[in-house]
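What follows is a short report on a single structure.
The values are calculated or read from the model by the stated rules, or taken from the named source; none is laboratory data. Here the structure is a predicted model, which means the values were calculated and not measured. Cβ placement follows ideal geometry from the backbone for every residue including glycine, while neighbour counts extend to all protein chains displayed. Side chains included, ligands, DNA and RNA excluded: accessible areas come from the protein's heavy atoms. Shrake-Rupley method; radii C 1.70, N 1.55, O 1.52, S 1.80 Å.
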Amino acid sequence: MKRIIGRGIESGGLYILEIEMDHSSERSFSSQDYANINALWASLIIEECTRLGLTYFCVAPGSRSSPLAIAASTHLLTTCIACFDERSLAFHALGYARGSHKPAVVITSSGTAVSNLLPAVVESSEDFVPLLLLTADRPPEMHDAGANQAINQVNHFGYFVRFFFGLPAPTDHVPARMILTTLDSAVYWATSSPCGPVHINCPFREPLENSPKEWAFSCLKGLDSWMSSVKPFTQYIQLQHSHASDNSQGQMAEVIEVIQGAKQGLLLIGAIHTEDDIWAALLLAKHLCWPVVADILSGLRLRKLSTSFQEIESKVLFLDHLDHALLSDSVRAWVQADVIIQIGSRITSKRVAQEISSLIHSGSFLTEPYVANLILEALAHDSALFIGNSMPIRDADMYGRNWACCTHSIGDKILRLGLPFHWIAVSGNRGASGIDGLLSTAIGFAVGCNKRVLCVIGDVSFLHDTNGLAILNQREIMSDTQLPD
């Protein structure tokens, strides 16, 4: 028995068929009658996105991008959110990518709507966060001809994107598989190291025209297998070398020799974005038995200790307030390290980046340090934290900690798994370290990680991105975002 659910563009045209069977589930892509060529190309783009695992779409208003917006909003597997401010929308997509560890798709109209994405693109590029940008455009004949909203969008973001491709305007003279391979290549570059934003420019003629027009089926040649499957058109093979080169083996041997000869080592852990990397950093710390300086964005500063593994504190020394300790001349003179290993991205603290020291505690007066320490210690084990730039992240890095015993039921689960503790996910826009788009990023981060998120930002940062609040009204968000006064 099977159930067939059809959806399509009005007046006949293109349909996606969802076929559900008792023993398996598969989707097939088929054309019935004749669809508008704009709708065909847009549907191919959105369908391939979903096959690549990209199902979260951030859509800005505009007529030129309507084929993409309609295709995204009517697809069975997508989640769409809209916002009138492209800058806030792009930062929301950035936050979602941070929380979910997979790209969001941004759809915009043409002209300066595209330019408004630049701040988020810069942050995405500098902090290696994947994004897919689908920007609508005027067709070539409307450029340099005085047409409205027709600017040069080719390589619009320069070297801040990992990949750019300008599609031709939809036509049956171009094989449709070119659309699929272009999208596959873009997502591959977005998600390969170094991750980052990618940009596909999508010109459309008469984007609001929805009546079917004849087009040659020959443009679908080579898509038979793709139409009857659920897999992306292009399959990339990840090569894994079983034997390292002689040069890399020699370099590793040199590193090991330096570590083994260390008399007073120190481990610096910068921003880390995945749980696998966090566990690898922890295992390295346990193996080295060196003091550890964990940056506020490392995931190891806000950690919850299982009650049965309290001895971890005696095995791994975390210097959680090193930045503040460096204000003391005696502390700076006391600690000397002959070998320092840094993993993760750059350290938040300028003082720590310049000089290594030890731990010191802050007072309990109602000051920025005390507030930073208090709210971070109060975070629940199943929550997450997004920190704004300027003073909030510096205060959190100097005074924040969350080293406490976990008595919740999740602690028992961790015990059974043999894990010493779990941590609170921490994120922030430290690629370009700007104050714009922070609220939008935090909201996207809450959706992406599907947790209650505490957002700590300054008053100017909040006022700079109040348009981000409009995103909250577009949908019932998947998790809470709390904004302290």
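I need a count of the residues in region 83-120 that are assigned to a helix (DSSP H, G or I) and of a type in the set (A, V, I, L, M, F, W, C).
So the count comes out to 10.
Kindly evaluate residue 50 against the criterion of being of a type in the set (S, T, N, Q) and open to solvent by 40 Å² or more (accessible area, probe 1.4 Å).
Judged against the criteria, residue 50 is not a match.
Which helices (runs of 4 or more DSSP H) sit wholly inside region 408-485 and have at least 3 residues that are crowded, with 21+ Cβ neighbours inside 10 Å and at pLDDT 80 or above?
Of the helices (runs of 4 or more DSSP H) lying wholly inside region 408-485, those with at least 3 residues that are crowded, with 21+ Cβ neighbours inside 10 Å and at pLDDT 80 or above span 438-449.
When you scan region 200-232, how many residues do you find that are under 18 Å from residue 69 (Cα atoms) and of a type in the set (S, T, N, Q)?
Here the count works out to 3.
Quick one: count up the residues across region 170-181 that are β-branched (Val, Ile, Thr), within 18 Å of residue 215 (Cα to Cα) and either in contact with a Phe, Trp or Tyr (Cβ under 7 Å, 6 or more places away or on another chain) or open to solvent by 50 Å² or more (accessible area, probe 1.4 Å) (or both).
The qualifying residues number 1.
Which count do you get for residues in region 34-78 that are among the polar types (S, T, N, Q) and either free of Cβ contacts under 8 Å to residues at least 40 places away in the same chain or touching a His at 6+ places or on another chain (Cβ under 6 Å) (or both)?
Final tally of qualifying residues: 5.
Among residues belonging to region 218-232 that are in a helix (DSSP H, G or I) and touching a residue at least 24 places away in the same chain (Cβ under 8 Å), point out the one that is surrounded by the fewest Cβ atoms within 10 Å (Cβ to Cβ).
Here the residue is 218.
For region 183-217, what are the residues that are surrounded by 18 or more Cβ atoms within 10 Å (Cβ to Cβ), among the polar types (S, T, N, Q) and assigned to a helix (DSSP H, G or I)?
Scanning region 183-217 gives a single hit, 191.
So residue 107 clears everything in (1) out of contact with any Lys or Arg (no Cβ under 6 Å at 6 or more places or on another chain); (2) surrounded by 24 or more Cβ atoms within 10 Å (Cβ to Cβ); (3) at pLDDT below 95 except one condition, right? Which one?
Unmet condition: (3).
Suppose we keep only residues that are more than 30 Å from residue 297 (Cα to Cα) and of a type in the set (Val, Ile, Thr) within region 115-169. Which one would you say is most open to solvent (accessible area, probe 1.4 Å)?
Checked region 115-169; the qualifying residue most open to solvent (accessible area, probe 1.4 Å) is 154.
So that you can scan it fast, the table gives a plain yes or no per residue for (1) in contact with a His (Cβ under 8 Å, 6 or more places away or on another chain); (2) part of a loop (DSSP other than H, G, I, E, B); (3) within 30 Å of residue 347 (Cβ to Cβ):
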| site | (1), (2), (3) |
| --- | --- |
| 122 | no, no, yes |
| 141 | no, no, no |
| 152 | yes, yes, no |
| 159 | no, no, yes |
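Just checking: which of the strands (runs of 3 or more DSSP E) contained wholly in region 273-382 hold 3 or more residues that are modelled with pLDDT of 75 or more?
Where strands (runs of 3 or more DSSP E) fall fully within region 273-382 and carry at least 3 residues being modelled with pLDDT of 75 or more, they are 292-294, 339-343.
Could you pull out the residue among 9, 70, 45 that is under 20 Å from residue 176 (Cα atoms), among the β-branched types (Val, Ile, Thr) and at pLDDT below 90?
Only one candidate qualifies: 9.
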